[in-house]
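In what follows, a structure is listed as structure tokens, so that the remarks can point back to it.
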Amino acid sequence: MKLRFILLILSLLAFGSAAAGGFLYYTALQEAAVNEAEVQAVSRVEMIQKNLTSFLSENLRPVRALAGMSDLRDALLHPDTRNLAEANLLLDHFNYTLGTDVCYLMDREGNTVAASNRLTPESFVGYNFNFRPYFRQAIHGVPATYMAVGSTSGKRGVYSSYPVYGPDRDHPIGVAVIKASIDRIEKEIVTHEGEIVLVTSPEGVIFISSREDWRFQLIRRINSDAVAGIAASLQFGQGPWEWVGLIIEHDGTAVDRQRNRYQIHQAAIPNDPGWQVVHLRSLKVISGRITGPLIRVSGLIVLFLCAIIGLAVFFLYRKASREILRRRSVEKALRESDERYRAIYNNTPAMLHSVDRRARLVSVSDHWLSVLGYGREEVIGRPLADFLTPPSARFLEETVMPAFLRDGFCTDIPYRYVKKDGGVVDVLLSAIGERDESGRVIRSLAVSIDMTDRNRAEDALKSAKEELSRYSRDLERQVRVRTEEISGILSYTPDVIYIKDREGRYLMVNPRFAEIFGVRREEIRGKQDIEVLPDAVAHQFRKSDAKALAEQRPQQTEERIPHDDGVHTYLAVKFPIYDGAGETSAVGGILTDITAAKKARDQLRRLSAGIMEGQEKERAAIARELHDQLGQILTALRMEGVWLANRLKEADPPAADRARALCDLIDTSIEEVRGMAHRLRPNVLDDLGLVDALDWFVNDFERRTGIPCRFEHVKVQELDDPLSTAAYRIVQESLTNVLRHSFANEVDVTLDLQEGVLMLTVSDNGRGFNTLDLTESEGLGIAGMRERAGLVGGVLEVCSSPDMGTQVFLRAPVNGKRKGAVS
């Protein structure tokens, strides 16, 4: 009984030990499986990330080469049938060679002018894609890669764009685009059981997915504004973009709507900000790798109790077989990973190479060979120094290689490669070392970045800086010269010049200012008018300065300043001064002494008035002579002609007819003489006044010329003789100009009196003229009218432009209210 109990206890202990060992074994296996899955997932994400990066960038160099083709530039500059046909053939060639979806060309406005799919129902020709970011970046000179759904074809693709420059190479004139299908990279993503691979946009839209039902859905919740932004961009089709229900936990796991839990890994895609590769692996599948074998082991344990040795051997055999299969699977994955690495190494668009400890090339990438123009068999095994310029080769052997073998890395080493055709390529090289078990560097992995264009740009920038420096020095010299010239002008000009701030404090005055007002230039700075000038002068200055500042434009006025020899009149020009921000910071003034000029002008006006008064008297005298003398003679001749016609009426009828014709001719002459006398000095102007005189003259003008002429007036009081004569002569000269020059078919003359000012207007609808283009002879008539207006204290304005007619305006005071003429 005791033995049985002991055996039972031992059996229970054995069972408990076996159960504990099984649990610990299961836990260890589960942890190992999770860790292994973690490592595999990280490796898998990195591999997918590298493959996707390579796929996204594989068309950047081809599209750059395509954009540099002259056929595309010609098609944009001269879009005729021939140039467009050449461009289409080139696009067809690139599309066929690269195996892409479509290659096309857009102008500066985003319109597609040529495309390889032009003959298909999905042709891009004629469509405008200026809303696409790849176009906006490229048209500003920045190459772009862009993933989206085609707005025309509805197919997913990767768009690679590059600017097409004109002959000046300054500004893009269009954009070349290559679109590659996403389906190829999606097919290359081979998933295992319980594995989901996604590629998501910055907005969370699933663009590439191993699960078709998740494609174009959202990996996370977003608000309605973000959804509206996705719809507006047209990047991912028409929607709807619904959330797939995936909740990402903080412990590196995620749960879907069916409560399936996944191990999640995310990695950013280089050069595509916000885009990510997302890898999901079902925890159930991972655990299944443990629970399945455990269940089988448990069954084997039961059988093991029945068949101790046989089942134990079978169990060990099965376990060993699984381990061998797992190792073979891992080895196969490693081989595939190595093949992918080699494919990426050889096909990546970067200059990659490896050297051994003696700096001999052991491997080079295809891009390395393409840039330098060699074949692989020509370079493998040769020293790297053979492909460098002599200075770079010495630098490699004497400095870089010893330091690299010691440290195991080097960064940004400037080299100059020599191409097979003799050209030189400037590069920056960075490398890391591969070590053996003893830690000794046995080979390198180096990346060379082509710096040729950048170095050329830096040299050009350096030359530009030197040229700018020379220009700056020359500009400073010119500023000094101009400053000296301006200082000389300010010092020796006879004009008065000053500058004040907005508060009226003097900032600068010239020597003439100081001389007139008897002040020192150093003492007046910072003071106001009232502190240094007589009250009357200070009031004048302050008033005109304030007006220039208030109206923000130059002002012209006359100012009177007392001198030792009396009061002088100055023509003052006041103007605002602006700072760099366009705000008024000061006011300036330039005063020119016009005292002598005003005296001369007054004398000239008096002389002109005397001349015109003499002309009017002479006209009146001639008119009287014509009317009294010649008119009487013609009247007598007519009486004799009538008598002679009556006398010869029966005796000689032909002679009587001649006598009557002579009477008619005399009648015409009498009318002409009377008209000439009226035009020289109409009696109606002296007898009845200006209104009746103008009414008669306007009617006579219409009768003589056939041009309709209207005269409108209000009741105008009796005017003095000079003003009436001036107004009459201005109308007379204006209508004469209408007849000679305007080709008008309608003329209006208006006369009005407003608040003691006579308003006279003569307007026509003729061809008009440019008032600045008058010849000297054409301008004499207008100058004479202005002189007459000035003599009576009035102002005459002439407004005209081509094909817009002409208007003559006279404003003159009446009843002793006349002032000096204003010109």
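The values are calculated or read from the model by the stated rules, or taken from the named source; none is laboratory data. Treat the numbers as computed from the prediction; the structure is a model and nothing was measured. Glycine also receives a Cβ, built like all others from the backbone with ideal geometry; neighbour counts cover every protein chain displayed. Protein only, heavy atoms only, side chains kept; ligands, DNA and RNA dropped before computing areas. Shrake-Rupley method; radii C 1.70, N 1.55, O 1.52, S 1.80 Å.
Quick notes
- For the residues Glu712, Glu212, Glu733, a 1.4 Å probe over the protein chains yields an accessible-area ranking, largest first, of Glu212, Glu712, Glu733.
- A cut-off of 5 Å between modelled amide H atoms, ignoring neighbours fewer than 5 places along the same chain, links Tyr127 with Thr112.
- Probe 1.4 Å, all protein chains present, accessible-area order of Arg327, Arg215, Arg740, largest first: Arg740, Arg327, Arg215
- Measuring nothing but protein heavy atoms, the accessible surface of region 467-557 at 1.4 Å probe radius is 52 percent carbon and sulfur.
- Separation of alpha-carbon centers, region 195-274 and region 38-113, rounded to whole Å: 28 Å
- Nearest-10 value in Å² for the accessible area of Thr483, using the 1.4 Å probe: 70 Å²
- The residues neighbouring Ser742, those whose beta-carbon lies less than 9 Å from its own, together hold a net charge of +1 under the Lys/Arg +1, Asp/Glu -1 convention.
- Taking amide H as placed 1.01 Å from N in the peptide plane, Ile173 has its amide H under 5 Å from the amide H of Val164, Tyr165, Gly166, each at least 5 places away in sequence or on another chain.
- With θ taken as phi - 60° and the Karplus curve 6.51 cos²θ - 1.76 cosθ + 1.60 applied, the whole-hertz 3J(HN,Hα) list for region 131-142 is 7, 6, x, 5, 6, 4, 5, 5, 5, 9, x, 10 Hz, x standing for glycine and proline.
- Averaging Cα coordinates gives a centre for region 632-665 and one for region 152-183; these two points are 103 Å apart.
- Protein-only accessible surface order, largest first, of Lys715, Lys527, Lys462, Lys500 at 1.4 Å: Lys715, Lys462, Lys527, Lys500
- The peptide list 246-258, 395-407, 85-97, put in order of mean Cβ contacts within 10 Å with the highest first, becomes 85-97, 395-407, 246-258.
- Taking only protein heavy atoms and a 1.4 Å probe, the accessible area of region 155-273 is 48% carbon and sulfur.
- Extending 7 Å from the Cα toward the beta-carbon at both Ile432 and Arg327 defines two label points whose distance is 2.9 nm.
- Each other residue within a Cβ distance under 12 Å of Arg328 adds +1 if Lys or Arg and -1 if Asp or Glu, for a net charge of +3.
- Relative to the current alpha-carbon distance between Arg136 and Arg767, full extension at 0.36 nm per residue lengthens the span by 222.0 nm.
- Spin-label pair His713-Leu461: with each label point 7 Å from Cα along the Cα-Cβ axis, the two points sit 8.2 nm from one another.
- Probe 1.4 Å - accessible area at Arg521, Å² to nearest ten: 100 Å²
- Separation in nanometres of the label points that stand 7 Å from Cα toward Cβ, at Ser370 and Arg740: 8.3 nm
- Our coupling estimate for region 566-577, obtained by passing each phi through the Karplus curve with A = 6.51, B = -1.76, C = 1.60 and θ = phi - 60°, is x, 7, 9, 9, 10, 8, 9, 10, 10, 9, x, 10 Hz, Gly and Pro reported as x.
- Close amide H partners of Arg357, meaning residues 5 or more places away or on another chain with modelled amide H under 5 Å apart, do not exist here.
- Length added when fully stretched, Ser181-Glu797, from 0.36 nm per residue minus Cα-Cα: 214.1 nm
- Added length on full extension, which subtracts the Cα-Cα distance from 0.36 nm per residue, His192 to Gln478: 95.2 nm
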